[in-house]
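K.L.:
A single structure is presented below for examination.
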Amino acid sequence: MVQRTALITGITGQDGYYLTRLLLEKGYTVHGIVRRASTMNRTRIDQLKLEMPDAAARVILHYGDLTDAASLHRLVDEIAPDEIYNLAAQSHVRVSFDTPLYTQQVNADGALNVLESARVLNNRKPVRVYQASTSEMFGGMPGTVPQSEATPFHPRSPYGCAKVAAFYYTVHYRESCGLFACNGILFNHESPMRGETFVTRKITLAATRIKMGLQSTLRMGNLKAERDWGFAGDYVEAMWRMLQQPQPDDFVISTGQMHSVEEFLVAVFTRLELDWREYVQIDPQYFRATEVEQLCGDSRKARELLGWQPRTSFTQLVDLMVAHDLRLAKQERDLAGLASRSV
Ligand code: NAP
Ligand code: G4F
């Protein structure tokens, strides 16, 4: 086992859960930055500690915020990690239209704060940085499918614009001061840990609740958009592999398979023996002023240089998420039954 230390920003998110699990399995001590919130935002990481009790002591959480450069610099200086994974972001594309300045402050200026802290640390101790870049930077423009590292960026949201800035800051620090900094250009990746307002999880949560009689409708936006959906557990392996290379570089991570939102709906409802048309209503509030129509990645570079490939198929991903959320819906139904019997 290696004795290395990693710092993860965004440790409380979906990818934070899977990356922490992976790094603990590899023997790392994992430090994570968490935001103070009025409600508990550590449920995923608390669950991981329960799942890996022998490794729980190697997870150390610190209060901080990507927009608070002073706290970030202090933490990076004190922890002096071997690797930094910058996963923290205002990660919701639709929300970024409502909060463009905040999205820029966290996703672009925040990434710059991380790089600047790493640059200072790198003067006394080598550190490697992973930046969570995204397929949203491509904008899904007609004629660009499949998108690779050579595809021009054309961001279609404040989220995409901020992530393009962070991408180039990362390249700039690599070129100007020799920082080992990589961009992982990850296409959509999902899991039972996915945030509840992203389209896949929204569908699996709603469909399983409909199956259990807890909900009767599901309000959706654009069903024609197409995405390259992989499993988050597979994708964090690629993040780690990028930082183990002899030279820093940028990599597309994707499955190369594209499905529409409607196909995802059909797959989930069919698995539950339901007809989605009976429950889904189209609601304009979920449409975006500018939509990213088609994302499908060409990850040949990662497959060749990192030896990485996705292990989970679209059908397996749907099965994983439906099975998980069906358990949640059954618990909710049983609790509701108990409550009504007790009055
Ligand atoms: P997520 O579940 O939304 O997690 C985001 C994390 O960032 C959470 O831990 C959140 O903390 C934290 N965060 C937000 N604002 C922060 C701030 N100002 N300071 C410190 N932490 C902050 O996102 P994810 O799906 O794990 O994605 C991880 C990263 O990959 C993000 O940068 C995302 O943009 C990028 N990405 C994701 C995908 C995908 O399909 N999942 C694809 C490409 C790129 P709270 O828990 O307190 O909210
Ligand atoms: O699940 P989504 O919200 O993900 P989106 O916008 O593709 O962004 C995700 O993937 C990016 C990588 O490409 C990440 F960088 C980003 O952080 C995030 O993780 O929406 C997927 C598609 C969109 O075209 C959207 O318009 O689903 C469509 N959609 C249709 N109805 C909906 C809904 N999206 C959401 N969230 N909710 C709906 O009701």
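To keep it simple, each residue is scored yes or no on (1) hydrophobic (A, V, I, L, M, F, W, C); (2) modelled with pLDDT of 95 or more; (3) not assigned by TED's automatic domain parsing to the domain that holds TYR18.
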residue: CYS161; (1), (2), (3): yes, yes, no
residue: VAL171; (1), (2), (3): yes, yes, no
residue: PHE187; (1), (2), (3): yes, yes, no
residue: ALA207; (1), (2), (3): yes, yes, yes
residue: LEU218; (1), (2), (3): yes, yes, yes
residue: PRO246; (1), (2), (3): no, yes, no
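K.L.:
Here is a further query. Do you know which residues across the range 259-291 are open to solvent by less than 50 Å² (accessible area, probe 1.4 Å) and under 21 Å from ARG311 (Cα atoms)?
P.N.:
Matches in the range 259-291: HIS259, SER260, PHE264, ALA267, VAL268.
K.L.:
Scan the range 109-128 and give yes if some residue there is within 16 Å of ligand 2 (Cβ to nearest atom) and either in contact with a Cys (Cβ under 6 Å, 6 or more places away or on another chain) or under 27 Å from GLU304 (Cα atoms) (or both), otherwise no.
P.N.:
No, the range 109-128 contains no residue that is within 16 Å of ligand 2 (Cβ to nearest atom) and either in contact with a Cys (Cβ under 6 Å, 6 or more places away or on another chain) or under 27 Å from GLU304 (Cα atoms) (or both).
K.L.:
Scan the range 62-71 and tell me whether some residue there is away from ligand 1 (no atom under 13 Å from the Cβ) and of a type outside the set (Gly, Ala, Ser).
P.N.:
Within the range 62-71, not a single residue is away from ligand 1 (no atom under 13 Å from the Cβ) and of a type outside the set (Gly, Ala, Ser).
K.L.:
In this structure, is ILE45 out of contact with any Lys or Arg (no Cβ under 6 Å at 6 or more places or on another chain) and open to solvent by less than 20 Å² (accessible area, probe 1.4 Å)?
P.N.:
yes
K.L.:
Looking only at residues that are open to solvent by less than 10 Å² (accessible area, probe 1.4 Å) and not hydrophobic (A, V, I, L, M, F, W, C) in the range 94-108, which one is nearest to the chain's Cα centre (by Cα)?
P.N.:
Applying the filter and picking the extreme gives ASN107.
K.L.:
Collect the residues in the range 172-213 that are more than 14 Å from ligand 2 (Cβ to nearest atom) and under 21 Å from the mean Cα position of the chain (by Cα), keeping them in residue-number order.
P.N.:
Within the range 172-213, ALA181, CYS182, PRO192 meet the criteria.
K.L.:
Filter the range 58-71 down to residues that are in contact (Cβ under 8 Å) with a residue 12 or more places away in the chain and over 19 Å from ASN41 (Cα atoms) and give me whichever is nearest to ligand 2 (Cβ to nearest atom).
P.N.:
Step by step, filter the range 58-71, then rank; the result is ALA69.
K.L.:
Would the range 92-101 turn up any residue that is under 30 Å from ARG288 (Cα atoms) and part of a loop (DSSP other than H, G, I, E, B)?
P.N.:
yes
K.L.:
Has the range 11-25 got any residue that is at negative phi, free of Cβ contacts under 8 Å to residues at least 60 places away in the same chain and assigned to a loop (DSSP other than H, G, I, E, B)?
P.N.:
Checked against the condition, which is being at negative phi, free of Cβ contacts under 8 Å to residues at least 60 places away in the same chain and assigned to a loop (DSSP other than H, G, I, E, B), the range 11-25 yields at least one hit.
K.L.:
Separate question: Select from the range 1-10 the residues that are assigned to a loop (DSSP other than H, G, I, E, B) and either surrounded by 21 or more Cβ atoms within 10 Å (Cβ to Cβ) or at pLDDT below 95 (or both) and list them in ascending order.
P.N.:
MET1, VAL2, GLN3, GLY10
K.L.:
Determine which single condition ARG35 fails, assuming it passes every other condition in (1) within 9 Å of ligand 1 (Cβ to nearest atom); (2) under 14 Å from TYR85 (Cα atoms).
P.N.:
Of everything listed in (1) within 9 Å of ligand 1 (Cβ to nearest atom); (2) under 14 Å from TYR85 (Cα atoms), ARG35 misses just condition (2).
K.L.:
Let me ask something else about it. Anything in the range 185-213 that is in contact with a Leu (Cβ under 9 Å, 6 or more places away or on another chain) and open to solvent by less than 10 Å² (accessible area, probe 1.4 Å)? List them, or say none.
P.N.:
Matches in the range 185-213: PHE187, GLU190, SER191, THR200, ILE203, THR204, ALA206, ALA207, THR208.
K.L.:
Counting just the residues of the range 130-145 that are hydrophobic (A, V, I, L, M, F, W, C), farther than 16 Å from TYR169 by Cβ and touching a residue at least 24 places away in the same chain (Cβ under 8 Å), which one comes out nearest to ligand 2 (Cβ to nearest atom)?
P.N.:
PHE138
K.L.:
If you check ALA37, ALA80, ALA55, ALA111, which single one turns out to be open to solvent by less than 70 Å² (accessible area, probe 1.4 Å) and under 22 Å from HIS189 (Cα atoms)?
P.N.:
ALA111
K.L.:
Out of all the residues in the range 196-205, is one or more in a loop (DSSP other than H, G, I, E, B), within 12 Å of ligand 1 (Cβ to nearest atom) and not charged (D, E, K, R)?
P.N.:
So far as the range 196-205 goes, yes, one or more of its residues are in a loop (DSSP other than H, G, I, E, B), within 12 Å of ligand 1 (Cβ to nearest atom) and not charged (D, E, K, R).
The values are calculated or read from the model by the stated rules, or taken from the named source; none is laboratory data. What you see is a predicted model; the values in this text were computed from it and never measured. Cβ atoms come from the backbone with ideal geometry, glycine included; neighbour counts cover every protein chain shown. Just so you know, the surface numbers come from the protein's heavy atoms only, side chains and all, with ligands and any DNA or RNA stripped out. Shrake-Rupley method; radii C 1.70, N 1.55, O 1.52, S 1.80 Å.
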